[in-house]
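Let me begin by presenting the structure, written as structure tokens, before commenting on it.
Nothing in this text is a laboratory measurement; each read-out follows from the coordinates by a stated rule. The structure displayed is predicted, hence computed values, not measured ones. All Cβ positions, even for glycine, are placed from backbone atoms using ideal geometry, and neighbour counts span all protein chains on display.
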Amino acid sequence: MNSDMSYADILIATLCLTAVIVVGVSILMLHVVKLFVKESLNPTPFASPEEKARKLRLEVEAKALIKPKPALINRLMGLRPISEEKDLVMEHEFDGITELNNPTPGWFMVLFYGSIIFAVVYFLNYEVFGFGPNQEQEYVAETEQAALDKEAFLLNPANAKSAVNENNMVLSTDQAVLTAGAALYASRCTPCHGEHGEGIVGPNLTDEYWIHGGDVKDVFKTIKYGVPEKGMIAWEKSLSAQQISDITNYVMSLQGTNPAGAKAAQGDKQK
Ligand code: HEC
């Protein structure tokens, strides 16, 4: 009983499967027939050899129209390839010489527009919005700073020493100063003023008579600026202010020493 049922079942299943396959194949066949009918009524055209050749030619022409990208250096310099020269020739020519209408080089345009933009930014910055000081304000600020620096320099006692001049010179009889002055005098002044200041070409420095004043400030000034037209050297070029001050003190210490062979008095008596 069980096996009978089983046979019937298998049979039914097989039949069902066959039916499904037949239906599927029939649908497929229907599609094929439909396509066949459609193609035979209105066939899709194939490209003829001429058409193929034409298509190829068009493709080649289109490719030729795409210009190769010029090199960066050529773009910057505004150079056009020689093959384009015929496009650049301008209307007029003379004696067979023609003019090319070359484009302005890229680097020039960058500079040109760059400077315009720079000028606008500069103008807005300094003249309109006033970010940061302009030339004039910078100049004023620097001058003010220089004045402050100078004041500080002169106020510093260490610097004041080297800043001795004909206005602030004070007489000193300090032995160290006189020794330093004597050494400088011996090496620089003796040829003209004598070993003891008695005077040779230059005047006697030991008497009370002076051509250019016998005050310590006058003497400092004479030594510093010299009397070039009379042969007295301007010592400021080769001696420091301090050295001139030392020599001045030494020269002042020679007053009244009355050395042997003293030159006759020149100038006016110092009161
Ligand atoms: C090349 C020669 C020469 C040398 C070097 C020279 N003098 Fe004189 N000096 C003269 C002459 C010349 C005069 C006179 C200028 C005049 O007639 O106006 C003079 C004038 C002076 C006076 C002014 C005198 C016065 O009567 O007013 C002084 C001060 C003086 N010399 C100091 C010195 C000292 C200090 C040195 C060395 C650092 C020196 N001289 C080196 C030639 C020299």
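Please determine, by comparing only the residues of the stretch 91-129 that are outside any loop (DSSP other than H, G, I, E, B) and touching a Leu at 6+ places or on another chain (Cβ under 6 Å), which one is surrounded by the most Cβ atoms within 10 Å (Cβ to Cβ).
Restricting attention to the stretch 91-129, the residues satisfying the condition of being outside any loop (DSSP other than H, G, I, E, B) are 91-94, 97-100, 106-129.
Remaining after also requiring touching a Leu at 6+ places or on another chain (Cβ under 6 Å): 100, 106-107.
Details: Leu100: 13, Gly106: 16, Trp107: 12.
Looking at residues that are outside any loop (DSSP other than H, G, I, E, B) and touching a Leu at 6+ places or on another chain (Cβ under 6 Å), I get Gly106.
Only residues that are among the aromatic types (Phe, Trp, Tyr) and either in contact with a His (Cβ under 8 Å, 6 or more places away or on another chain) or closer than 23 Å to Arg75 by Cα (or both) were counted across the stretch 86-118, and they come to 4. Within the stretch 211-233, how many residues are within 52 Å of the chain's Cα centre (by Cα), near the ligand (Cβ under 9 Å from one of its atoms) and surrounded by fewer than 19 Cβ atoms within 10 Å (Cβ to Cβ)? Result for the stretch 211-233: 7. Condition check: surrounded by 10 or more Cβ atoms within 10 Å (Cβ to Cβ) and basic (Lys, Arg). Does Lys55 satisfy that? For Lys55, the condition - surrounded by 10 or more Cβ atoms within 10 Å (Cβ to Cβ) and basic (Lys, Arg) - is met.
When Glu166, Glu198, Glu208, Glu236 are checked against the criterion of being of a type in the set (Asp, Glu), more than 8 Å from the ligand (Cβ to nearest atom), in contact (Cβ under 8 Å) with a residue 40 or more places away in the chain and in contact with a Phe, Trp or Tyr (Cβ under 8 Å, 6 or more places away or on another chain), a single residue qualifies: Glu166. Applying the criterion of being small (Gly, Ala, Ser) and within 15 Å of Ala163 (Cα to Cα) to the residues of the stretch 234-260, the residue that is surrounded by the fewest Cβ atoms within 10 Å (Cβ to Cβ) is Ser240. Looking only at the stretch 172-195, filter to residues that are surrounded by 15 or more Cβ atoms within 10 Å (Cβ to Cβ) and not in a helix (DSSP H, G or I); which one of those is farthest from the ligand (Cβ to nearest atom)? Among residues in the stretch 172-195 that are surrounded by 15 or more Cβ atoms within 10 Å (Cβ to Cβ) and not in a helix (DSSP H, G or I), the one farthest from the ligand (Cβ to nearest atom) is Ser172. Per the conditions (1) surrounded by 10 or more Cβ atoms within 10 Å (Cβ to Cβ); (2) of a type outside the set (A, V, I, L, M, F, W, C); (3) under 30 Å from Leu111 (Cβ atoms), the sole criterion not satisfied by Gly24 is (3). The number of residues in the stretch 239-271 being within 11 Å of the ligand (Cβ to nearest atom), touching a helix residue (DSSP H, G or I) at 6+ places or on another chain (Cβ under 8 Å) and assigned to a loop (DSSP other than H, G, I, E, B) comes to 1.
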